[in-house]
1. Restricting attention to the alpha-carbon atoms of the chain, what are Rg (one decimal) and Dmax (integer), both in Å?
2. Cα to Cα, under 23 Å, and not fewer than 8 places away if on the same chain: which lysines meet these conditions relative to residue 120?
3. In whole Hz, with x marking every Gly and Pro, tabulate ³J(HN,Hα) for region 182-199 from phi via Karplus 6.51 cos²θ - 1.76 cosθ + 1.60, θ = phi - 60°.
4. Can you list the equivalent-ellipsoid semi-axes of region 1-83, largest first and in whole Å, using the square root of 5 times each Cα gyration tensor eigenvalue?
5. Would you mind getting the accessible area per residue of region 1-118, heavy atoms of the protein chains only, 1.4 Å probe, in Å²?
6. Given a 1.4 Å probe and every protein chain left where it sits, what share in percent of the accessible area of region 68-199 is carbon and sulfur?
7. Just need the relative contact order of region 126-199 here, percent rounded to a whole number, with Cα pairs under 8 Å and 6+ apart.
8. For region 1-47, what's the radius of gyration and Dmax over Cα atoms, in angstrom?
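The values are calculated or read from the model by the stated rules, or taken from the named source; none is laboratory data. Computed from a prediction, not measured in an experiment: that's the story for all the values here. No Cβ is skipped: glycine too gets one built from the backbone with ideal geometry, and neighbour counts run over all protein chains shown. For accessibility, only protein heavy atoms count, side chains too; no ligands or nucleic acids. Shrake-Rupley method; radii C 1.70, N 1.55, O 1.52, S 1.80 Å.
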Amino acid sequence: MLWSATEAQSIDKSSIQDYGIPSLSLMEEAGTAVFRQSLRLWRPHTEIIILAGPGNNGGDALVAARLLFEAGFAPRVYDIRDPDSRESPERLLQREKLASLGLSLLPLGPGSKLSHSPGKALLILDGLLGIGFKGSLRPGAIQDALRAAASLKAERVLAIDLPSGLDADRWEQERALLAATDTITFGALKALHAVDPSR
């Protein structure tokens, strides 16, 4: 079974409005699943970089970051937002939870590079854009972050929902700037997960 992005968003909305499941609980569940998948992909001496966008996809990434930190890992978490982008309320709460633990989000300015220890393997969590994204990526913080992350040539890249910048309902589209080796999605596969060439 495939869900369109609209169907997935409608199910989320119904879960909240009709069944009374708080949106923050949905984010916690999604982030916990990302955390568990990260543990499956992690190997000794692997660094973890987490890219968190301004929306709920970024919130899922921040939940995973908190759980990794609480489990004894030292992820580097980057706060990727353009000055005019609006942070979702749930994502803001997750950012505040991280700050209360002493884990600050790192900025990534224009032209900045992501740091990585030479000789260590790398796992990147891509939580920049989710299934709500449509159209083409515009120049800005997210595009810059994706290019910077791609330049690191990480052994594993875990995309939350889908590689950022792709449209969940289209399979014929440009290659992702940051190609995923692994993708975690929720509920059901979307079109781009199931059909060549995007899968």
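1. Spelled out, the Cα radius of gyration and Dmax of the chain are 15.8, 51 Å.
2. In chain and number order, the partners are 153.
3. 9, 9, 10, 10, 10, x, 7, 5, 9, 3, 5, 6, 10, 10, 5, x, 5, 5
4. Value: 26, 15, 12 Å, ordered largest first.
5. 54
6. Solvent-exposed carbon and sulfur of region 68-199 make up 52 percent of the total.
7. 33
8. Taking only Cα atoms of region 1-47, I get Rg and Dmax of 14.8, 45 Å.
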